[in-house]
1. Starting from region B:48-59, take each residue that is buried (at least 22 other Cβ atoms within 10 Å of the Cβ) and list its partners that are modelled with pLDDT of 75 or more and among the charged types (D, E, K, R), counting only C-beta distances under 6 angstrom and pairs at least six apart or across chains.
2. If you go through region A:43-52 one residue at a time, do you hit one that is acidic (Asp, Glu), out of contact with any Gly (no Cβ under 9 Å at 6 or more places or on another chain) and assigned to a strand (DSSP E or B)?
3. When you go through A:Val77, A:Val113 one by one, which is the residue that is in contact (Cβ under 8 Å) with a residue 24 or more places away in the chain and either under 23 Å from B:Leu48 (Cβ atoms) or surrounded by fewer than 16 Cβ atoms within 10 Å (Cβ to Cβ) (or both)?
4. With B:Leu223, B:Leu237 as the choices, which residue is modelled with pLDDT of 80 or more, more than 30 Å from B:Asn92 (Cβ to Cβ), in a helix (DSSP H, G or I) and within 14 Å of chain A (Cβ to nearest Cβ)?
5. What's the number of the only condition in (1) surrounded by 15 or more Cβ atoms within 10 Å (Cβ to Cβ); (2) in contact (Cβ under 8 Å) with a residue 24 or more places away in the chain that A:Gly66 fails to meet?
6. Report the residue count in region B:157-178 for those that are in a strand (DSSP E or B) and farther than 13 Å from B:Leu91 by Cα.
7. Do the conditions hold for A:Phe59, that is, is it in a strand (DSSP E or B), among the aromatic types (Phe, Trp, Tyr) and at the interface with chain B (Cβ under 10 Å from one of its Cβ atoms)?
8. So which of A:Val28, A:Val52, A:Val23, A:Val9 ends up being within 14 Å of another protein chain (Cβ to nearest Cβ) and crowded, with 21+ Cβ neighbours inside 10 Å?
Amino acid sequence: MATLKLEIVTPDAKIFSDDVDMVTLPGVEGEMGIYPQHVPLMTQLSAGEIVVRKGAEDFFLAVGDGFVEITGDRVAVLTDMAIRAENIDEAAAEEARRRAESRLGEKLDDEEVARVNAALAHSLAQLKVKRRQGR
Amino acid sequence: MPSTRDIRRRIKSVKNTAQITRAMQMVASSKMRKAQQLALAGRPYAALMNNMLAHVAEHAGDFTHPLMAKRDVRKRAVLLVSTDKGLCGALNSNLMREAAKFSKDTTVFVCAGRKGSQFVARTRRTLAAEFTYKDSPQFGEARAVSRFIQEMFVKGEVDHVDILFTNFVNTLTQKPEALPLLPIGELKAVSAGVDSRALGATLEKSPLEYLFEPGADKVLGELLPHYLNFQVYQVLLEAKASEHSSRMVAMKNATDNAKQLIKDLTLDYNKLRQANITKELLEITTAQMALGN
């Protein structure tokens, strides 16, 4: 069976690089599932959860904003954050979310607001992935 | 002939210098390790981003973006990424030699790092803005620089932007390089630390037609500024890695030289001391022989 070559890269590291069977991505226009032989596509990624299926196993990753390029057999994900579910520290994420939410109440300039919003989106994505794991 | 005291004083001062350069070497080498790690970690992202952008540029069709506008080059800007401090070998002078190649009249400089702006002021070139960046460059700092450049370009103040920085090859080699940054389009080698040959190879594989979601204009509108921000960020990282590597090597050489000097001086000192003792002994024996007679 055909496989997809999935690469997830952040500015800090290459988080994921493997052949997989299916990927579910949080696009800006809603979730989308990518199978091999998908039509070439370029899209934006919003913060959320990536589900990777390889064989019978599912992997979950929390990701931040970014871009995705899909060519028939390859999926390249560029994002500012990507963490595997098992590496997420729920307490830290919760703490980050609280901090970001309280910062939003303060008076901030545009630059700061953007940064805090990004931090908030990151922590929410992490929490979402982690809590789903718990179930 | 210097006296033993002079030599002793000299040795002491060289020892002090060696101690300082040694300390600086230690500091630089620990910073270097961190900076190199950051620079290398950013490269896969930069490479993938380049790749993606090249595909987009090829398939965007009729769509154009203000940042891709090709105009006749009447005025150009150069983003000069230098260091804040000296004592890092020939790094800055190599860089400035490249910078001096740009025409004085039609080029405005945007500087990151103090050495660059000093050079611009000294040679009476035009300085548009000066930015600072920390030892571990933040994405926010890169964004500020990149936003300023984008504004200049979109407003039509400049028609072409190059970025001049020191590319990090390895600890012993850093190469000053000028890369075209704007207009986006000639993507052949527009990548900090990315092998352009590898880029060329992947370009050929690009498929025929792309879908864009939500739309080519929206995706490009987001991707292009982000690409520039990241490109600047990566360049800052490369420059920092180069700076610390170069400083580490320069300080190591200085320490080694000082050690050699101390060794030579100690030898001189001992020789002189021994000569003095011999002379004194000789005098004593002469005097004794004179008295004995």
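1. The qualifying pairs do not exist here.
2. Scanning region A:43-52, I find at least one residue that is acidic (Asp, Glu), out of contact with any Gly (no Cβ under 9 Å at 6 or more places or on another chain) and assigned to a strand (DSSP E or B), so the answer is yes.
3. A:Val77
4. B:Leu223
5. Exception for A:Gly66: condition (2).
6. Residues meeting the conditions: 5.
7. Considered against the rule, which asks whether it is in a strand (DSSP E or B), among the aromatic types (Phe, Trp, Tyr) and at the interface with chain B (Cβ under 10 Å from one of its Cβ atoms), A:Phe59 comes out as no.
8. On the way: A:Val28 fails: crowded, with 21+ Cβ neighbours inside 10 Å; A:Val52 fails: within 14 Å of another protein chain (Cβ to nearest Cβ); A:Val23 fails: within 14 Å of another protein chain (Cβ to nearest Cβ).
So the residue among A:Val28, A:Val52, A:Val23, A:Val9 that is within 14 Å of another protein chain (Cβ to nearest Cβ) and crowded, with 21+ Cβ neighbours inside 10 Å is A:Val9.
The values are calculated or read from the model by the stated rules, or taken from the named source; none is laboratory data. None of the values given here were measured: they were computed from a predicted structure. Note: ideal-geometry Cβ built from the backbone for every residue, glycine included; neighbour counts use all protein chains shown.
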